[in-house]
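Novice: Would you mind keeping the following structure in view while I ask a few things?
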Amino acid sequence: MTQVDLYPFKKYVLALGPGRDVPPGQSVNDRYWVLSPGVWHDTQAPDPPPHPAQITPAALPYLKAYPHQLHVPTVYGECQLSTGPVLLLDNVPVDRHGRLLPTLGAAWASAKPFRQVYWCWQLFKLWPHLFGLNMAASLTAPEAIHIDGWRIRLSNLIPGQPPLAALADLIGSLLPKADPLVASTLQPLLDQCREGQPNFDQILEHLNRALLTQAMEISLATEVAGSTNSGQQPQNEDACYPSHAELERASTADLPSLPRIAIVCDGVGGHAGGEIASQMVVRSLQLQLRGLLAEVADQEEPLPPYVVMGQIEAAIRVANNLVASQNDSQGRTERQRMGTTLVVAVMVPQRIPSPQGPREVNELYIAHAGDSRAYWITPESCHLLTIDDDVAGREITNGNSYPVAARGRSDAGALTQALGTREADSLTPHIDRFILDETGILLLCSDGLSDHQRVETSWANYIGLIVKNIVPLPTAVESWVELANQKNGHDNIAVVLMHCKVAGETVIVDDMTPPPSLTEQDLGTTELTEASKALLYGEGEEPAEIEDPVTATETKPRRLQAFVLSIVLLIAVSVAGVIGVVLWQSLGPTTDENFQDTPITEPES
């Protein structure tokens, strides 16, 4: 694996601390290049950054907040300057050109009403977690709250435990620029926050109802496809839903729920145990989730998120105990016990009463245990939605190790939990709820694909072909599987794609135009052409060089330029060949009469 695989674009970090005020255009420790105040480019990535032998107080809150890295930065490294220590943060709200993403205040006025409420929902959901870390002040500092499309991202953590009224004051300052309906809906909730002892659960319940009301305007359709492959292993212990085998077993009664359920399992245990465990969990869960969808369909009022999460967790525990019982009946102990990782997505259609009658809102619930992953991918970005349950993550979250050191351990990837290895009481599945307001792809996969950051370095080559409906979804799944076989190949692979399409949305994909020789009809088959495979596989390994904003203007990705140049050269060669043939035919016979009557015959064998 080449170094460029890990960082498809330049590595940018945020610098915090007394020594961060280095003027732009300066080099720091012969490694970091200062682009703007606080934004540094690591010129030696992916070489591990330096860090202290002992955890510093400045780094500890970020380590503790590691499970919330969808919104909170992680620690990258630390360096010591003459002006003081500097803490460097990774996973920060910086675009691929080294520019900070807009703050909540800057993005608020131009945002759709749904997103205004959704951003408020995320702030309130983060509140108890950061309050417990004495970092809730981060959610009341306007300069620290940034916007990355649909999600809230913090640039840094700020110590302090202000009252909930402080969060209400921040949101209240935005209401004059809010949609009038949003402002009238949020104001009573903010007033509740300012009461002496606000009921946080009740505030969340009311905010959730406001969110669902705004989401009624979003019309969402889904399509799902999946596949598994043994890779270079003799046995395939991965399983998924849907798959070719599962579709063959499906009846017409299964069809309404089929596009709403996606499952990936990666079996562990050996001696056919992993294969059994993964298949047992997939079959158990898809049956239970179909029952959940049927139950929700009968409800006249939307079920609160905690109720849906509770039912999904109960289904996971049932599946866990099926495998655990099988282990017990076969006398499997310790490392012989079979188990499986899990990542599951279910699109739950809630019925929301309205003056015009019941309206449908689609809620996406994602649950996982182990190191199988879920990604949300749009033409603009790729969001990792899950956190691996492994030794490295445990050591980081416990505040015992910097991420670079934890991931360098020999046992870094060892799982800390999986389904079936123990009784359900010891299992803690992670479950989150999302509401989608944009067209994109939900990718579920086992580590046979996600290892070596293969998704993060390759997603841009795939997304345009899928969201533009140029490549059918089953073909796109097989393309991801083939990529994993070519670039990883050491493990089984399971991939499920859920294409989520918002009605009426125009999807713009930069630099993803297919080759001129290919039409949509050509690509709309179940097999990719060689040219399409070249587009998918041939351009992800050498990403375009992006100049620092302080030294050069933005340039188009070089991969598109190279592709266009190759087409021009191909045309030129073809034209030259045709001209050569014409000249040979017109001039050749008169230059050597010995060839005039020579017959063209098959050579003797």
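Novice: Would you mind telling me which numbered condition in (1) more than 25 Å from D371 (Cβ to Cβ); (2) in contact (Cβ under 8 Å) with a residue 24 or more places away in the chain V308 fails?
Specialist: (1) is the only condition that V308 fails.
Novice: Can you name every residue in segment 317-350 that is in contact with a Lys or Arg (Cβ under 7 Å, 6 or more places away or on another chain) and open to solvent by 20 Å² or more (accessible area, probe 1.4 Å)? Steps first, answer last, please.
Specialist: Taking segment 317-350 first, the residues in contact with a Lys or Arg (Cβ under 7 Å, 6 or more places away or on another chain) are 324, 327, 338, 343, 346-347.
The answer is none; no residue qualifies.
Novice: Just give me the residues in segment 97-126 being open to solvent by less than 50 Å² (accessible area, probe 1.4 Å) and without any contact (Cβ under 8 Å) to a residue 60 or more places away in the chain, in sequence order. Talk me through it step by step, then tell me what you get.
Specialist: Within segment 97-126, the first condition is being open to solvent by less than 50 Å² (accessible area, probe 1.4 Å), and the residues that meet it are 97-98, 101, 103-105, 107-108, 111, 113-124, 126.
Across segment 97-126, the qualifying residues are L101, T103, A107, A111, W119, Q122, L123, L126.
Novice: In segment 269-283, which residue that is at pLDDT 90 or above and open to solvent by 40 Å² or more (accessible area, probe 1.4 Å) is nearest to G448 (Cα to Cα)? Don't jump to the end; show me each part of the working.
Specialist: To start, the set of residues in segment 269-283 that are at pLDDT 90 or above comprises 274-283.
Among the residues that remain, those that are also open to solvent by 40 Å² or more (accessible area, probe 1.4 Å) are: 275-276, 279-280, 283.
Working: E275: 15, I276: 18, Q279: 17, M280: 20, R283: 21 Å.
That would be E275.
Novice: Based on this model, can you work out whether P57 counts as modelled with pLDDT of 95 or more, more than 21 Å from R454 (Cα to Cα) and loosely packed, with under 14 Cβ neighbours inside 10 Å? Step through it out loud before you land on a result.
Specialist: Working: modelled with pLDDT of 95 or more: yes; more than 21 Å from R454 (Cα to Cα): yes; loosely packed, with under 14 Cβ neighbours inside 10 Å: yes.
In short, yes.
Novice: Mind checking which residues of segment 258-293 are closer than 20 Å to N362 by Cβ and without any contact (Cβ under 8 Å) to a residue 24 or more places away in the chain? Break it down into steps so the answer makes sense when it comes.
Specialist: Applying the first criterion (closer than 20 Å to N362 by Cβ) to segment 258-293 yields 258-263, 285-286, 288-293.
If the condition is that a residue be closer than 20 Å to N362 by Cβ and without any contact (Cβ under 8 Å) to a residue 24 or more places away in the chain, then G291 is the only one that fits.
Novice: Which condition number in (1) closer than 26 Å to A221 by Cα; (2) modelled with pLDDT under 95 is the one that L384 fails?
Specialist: In the conditions (1) closer than 26 Å to A221 by Cα; (2) modelled with pLDDT under 95, L384 misses (2) alone.
Listed here are the residues, each with its yes/no results for (1) in contact with an Asp or Glu (Cβ under 7 Å, 6 or more places away or on another chain); (2) at pLDDT 95 or above.
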{"residue": "L303", "(1), (2)": "no, yes"}
{"residue": "G331", "(1), (2)": "no, no"}
{"residue": "Y375", "(1), (2)": "no, yes"}
{"residue": "A392", "(1), (2)": "no, yes"}
{"residue": "I396", "(1), (2)": "no, yes"}
{"residue": "S401", "(1), (2)": "yes, yes"}
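Novice: Go through segment 28-43 and count every residue that is small (G, A, S) and either open to solvent by 70 Å² or more (accessible area, probe 1.4 Å) or in a loop (DSSP other than H, G, I, E, B) (or both).
Specialist: Quick first cut of segment 28-43, residues small (G, A, S) only: 36, 38.
Narrowing further to those that are either open to solvent by 70 Å² or more (accessible area, probe 1.4 Å) or in a loop (DSSP other than H, G, I, E, B) (or both): 38.
Looking only at that region, the number is 1.
Residues are listed down the side, and each one gets a yes or a no for (1) over 31 Å from the mean Cα position of the chain (by Cα); (2) among the polar types (S, T, N, Q); (3) at pLDDT 95 or above:
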{"site": "I171", "(1), (2), (3)": "no, no, yes"}
{"site": "L186", "(1), (2), (3)": "no, no, yes"}
{"site": "L190", "(1), (2), (3)": "yes, no, yes"}
{"site": "G196", "(1), (2), (3)": "yes, no, no"}
{"site": "F200", "(1), (2), (3)": "no, no, yes"}
{"site": "E205", "(1), (2), (3)": "no, no, yes"}
{"site": "L211", "(1), (2), (3)": "no, no, yes"}
{"site": "I218", "(1), (2), (3)": "no, no, yes"}
{"site": "S227", "(1), (2), (3)": "no, yes, yes"}
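Novice: Here's another thing I want to ask about it. Looking at segment 398-476, what helices (runs of 4 or more DSSP H) fall wholly within it and have at least 2 residues that are over 23 Å from L385 (Cβ atoms) and open to solvent by less than 20 Å² (accessible area, probe 1.4 Å)?
Specialist: Values: elements: 403-406, 447-450, 454-458, 460-467.
Because the criterion is at least 2 residues that are over 23 Å from L385 (Cβ atoms) and open to solvent by less than 20 Å² (accessible area, probe 1.4 Å), no helices (runs of 4 or more DSSP H) in segment 398-476 meet it.
Novice: Can you name the residue in segment 357-377 that is open to solvent by 10 Å² or more (accessible area, probe 1.4 Å) and either farther than 22 Å from P304 by Cα or acidic (D, E) (or both) and, of all such residues, is nearest to the chain's Cα centre (by Cα)?
Specialist: The qualifying residue nearest to the chain's Cα centre (by Cα) is R373.
Novice: Identify all residues within segment 44-86 that are closer than 24 Å to L123 by Cβ, in a strand (DSSP E or B) and of a type in the set (A, V, I, L, M); write none if there are none.
Specialist: V75, the sole residue that qualifies.
Novice: Still on this structure: Would you be able to say whether some residue in segment 271-287 is outside any helix (DSSP H, G or I), within 23 Å of G370 (Cα to Cα) and not acidic (D, E)?
Specialist: Filtering segment 271-287 for residues outside any helix (DSSP H, G or I) gives 271-272.
The next check asks that each one be within 23 Å of G370 (Cα to Cα); those that pass are 271-272.
Cutting the leftovers down to not acidic (D, E) gives us 271-272.
Yes: segment 271-287 contains one or more residues that are outside any helix (DSSP H, G or I), within 23 Å of G370 (Cα to Cα) and not acidic (D, E).
Novice: In this structure, is L87 of a type in the set (A, V, I, L, M) and modelled with pLDDT under 95? Can you show your working first?
Specialist: Values: of a type in the set (A, V, I, L, M): yes; modelled with pLDDT under 95: no.
It is false that L87 is of a type in the set (A, V, I, L, M) and modelled with pLDDT under 95.
Novice: State yes or no: is D491 open to solvent by less than 40 Å² (accessible area, probe 1.4 Å) and of a type in the set (D, E, K, R)?
Specialist: Against the criterion (open to solvent by less than 40 Å² (accessible area, probe 1.4 Å) and of a type in the set (D, E, K, R)), D491 qualifies.
The values are calculated or read from the model by the stated rules, or taken from the named source; none is laboratory data. Please read these numbers as outputs of a predicted model, since none were measured by experiment. Using ideal geometry, Cβ is built from the backbone for each residue, glycine included, and neighbour counts are taken over all protein chains shown. The area values use the complete protein model at the heavy-atom level, side chains included, leaving out ligands, DNA and RNA. Shrake-Rupley method; radii C 1.70, N 1.55, O 1.52, S 1.80 Å.
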